[in-house]
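Input: one structure, supplied below.
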Amino acid sequence: MSAMQREMDVAKRAKVIEWLKTEVVDHVSRLFKALWEGSTTRVTDSLASLIVSSYILGRRLGVSYRDMDDSILEKLRKHKQEGHQLEDWYQDISALEEHMHKR
């Protein structure tokens with residue numbers, strides 16, 4: 001690969017990362033609008049898009065999907081240990097952790 005090709009590849013990767021960052025922000029915006037409208041379908045779609053974009057952004061930044069899953073599970077374990085309010089009130093942390101282990 002020539003020096004020019006490497007520079008083009010670096011520029012392309014940087015552009016993709018910037019684009020993915022704007023996608024994340026766009027999905028958050030769409031989520032907020034869906035919440036305002038009260039549309040369960042749009043909320044679900046926006047959350048799914050946000051998760052997908054986050055995983056792909058992570059991959060483009062050198063974080064494997066497996067590492068992302070492991071990091072999420074570790075964060076859930078930490079929240080449970082620290083007595084996170086959502087765990088205390090609704091057991092959301094345990095439910096998500098169980099869901100991720102079943103996948």
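The values are calculated or read from the model by the stated rules, or taken from the named source; none is laboratory data. Values in this document were obtained by computation on a predicted structure and should not be read as measured data. Cβ: placed from backbone, ideal geometry, glycine included. Neighbour counts: every protein chain shown. Remember, those area values only see protein heavy atoms, side chains included, never the ligands or the DNA or RNA. Shrake-Rupley method; radii C 1.70, N 1.55, O 1.52, S 1.80 Å.
Read through the list (1) open to solvent by less than 50 Å² (accessible area, probe 1.4 Å); (2) closer than 30 Å to K12 by Cβ; (3) outside any helix (DSSP H, G or I), then give the number of the only condition that Y55 fails.
(3)
Checking the structure you have, find out if any residue of segment 3-24 is out of contact with any strand residue (DSSP E or B) (no Cβ under 6 Å at 6 or more places or on another chain), among the acidic types (D, E) and surrounded by 12 or more Cβ atoms within 10 Å (Cβ to Cβ).
First, the residues of segment 3-24 that are out of contact with any strand residue (DSSP E or B) (no Cβ under 6 Å at 6 or more places or on another chain): 3-24.
The next check asks that each one be among the acidic types (D, E); those that pass are 7, 9, 18, 23.
Keeping just the survivors that are surrounded by 12 or more Cβ atoms within 10 Å (Cβ to Cβ) gives 23.
Yes, the conditions are met somewhere in segment 3-24.
Now for a separate question. Every residue in segment 25-45 that is open to solvent by 100 Å² or more (accessible area, probe 1.4 Å) and either among the basic types (K, R) or in a loop (DSSP other than H, G, I, E, B) (or both), please.
Listed by number, the residues that qualify are R30, K33, R42.
Please verify whether segment 77-99 includes one or more residues that are basic (K, R), more than 12 Å from the chain's Cα centre (by Cα) and closer than 21 Å to V24 by Cβ. If you could, list the steps in order and put the result at the bottom.
Step one: of segment 77-99, the residues basic (K, R) are 77-78, 80.
Then keep just the ones that are more than 12 Å from the chain's Cα centre (by Cα); that gives 77-78, 80.
Within this subset, residues satisfying the condition of being closer than 21 Å to V24 by Cβ are none.
Within segment 77-99, not a single residue is basic (K, R), more than 12 Å from the chain's Cα centre (by Cα) and closer than 21 Å to V24 by Cβ.
Here is a follow-up. Given the residues L50, L61, which is the only one that is in contact with a His (Cβ under 6 Å, 6 or more places away or on another chain), within 23 Å of A14 (Cα to Cα) and touching a residue at least 12 places away in the same chain (Cβ under 8 Å)?
Values: L61 fails: in contact with a His (Cβ under 6 Å, 6 or more places away or on another chain).
Going through L50, L61 in turn, just one is in contact with a His (Cβ under 6 Å, 6 or more places away or on another chain), within 23 Å of A14 (Cα to Cα) and touching a residue at least 12 places away in the same chain (Cβ under 8 Å): L50.
Which residue is surrounded by the fewest Cβ atoms within 10 Å (Cβ to Cβ), if the candidates are limited to segment 59-95 and must be hydrophobic (A, V, I, L, M, F, W, C) and closer than 30 Å to E18 by Cα? Please lay out each step first, then the result.
To start, the set of residues in segment 59-95 that are hydrophobic (A, V, I, L, M, F, W, C) comprises 61, 63, 68, 72-73, 76, 86, 89, 93, 95.
Now drop any that are not closer than 30 Å to E18 by Cα, which leaves 61, 63, 68, 72-73, 76.
Working: L61: 10, V63: 14, M68: 15, I72: 13, L73: 14, L76: 21.
Looking at the filtered set, the residue picked out is L61.
While we're looking at this one, here's another question. Can you tell which of H27, H84 is of a type outside the set (D, E, K, R) and at pLDDT below 95? First the steps, then the outcome.
Details: H27 fails: at pLDDT below 95.
Matching residue, one of H27, H84: H84.
Further, regarding this structure: Name the pairs: first residue in segment 4-18 and more than 26 Å from Y55 (Cβ to Cβ), second residue open to solvent by less than 100 Å² (accessible area, probe 1.4 Å), Cβ to Cβ under 8 Å, at least 6 apart or on different chains?
Between residues of segment 4-18 that are more than 26 Å from Y55 (Cβ to Cβ) and residues that are open to solvent by less than 100 Å² (accessible area, probe 1.4 Å), there is no close pair.
Now a separate question. Looking only at segment 70-94, how many residues end up being farther than 24 Å from R59 by Cα and either touching a Leu at 6+ places or on another chain (Cβ under 7 Å) or not in a helix (DSSP H, G or I) (or both)?
Residues of segment 70-94 that are farther than 24 Å from R59 by Cα, as a first pass: 79-94.
Checking which are either touching a Leu at 6+ places or on another chain (Cβ under 7 Å) or not in a helix (DSSP H, G or I) (or both) leaves us with 82-84, 91-93.
Residues flagged as farther than 24 Å from R59 by Cα and either touching a Leu at 6+ places or on another chain (Cβ under 7 Å) or not in a helix (DSSP H, G or I) (or both) within segment 70-94 amount to 6.
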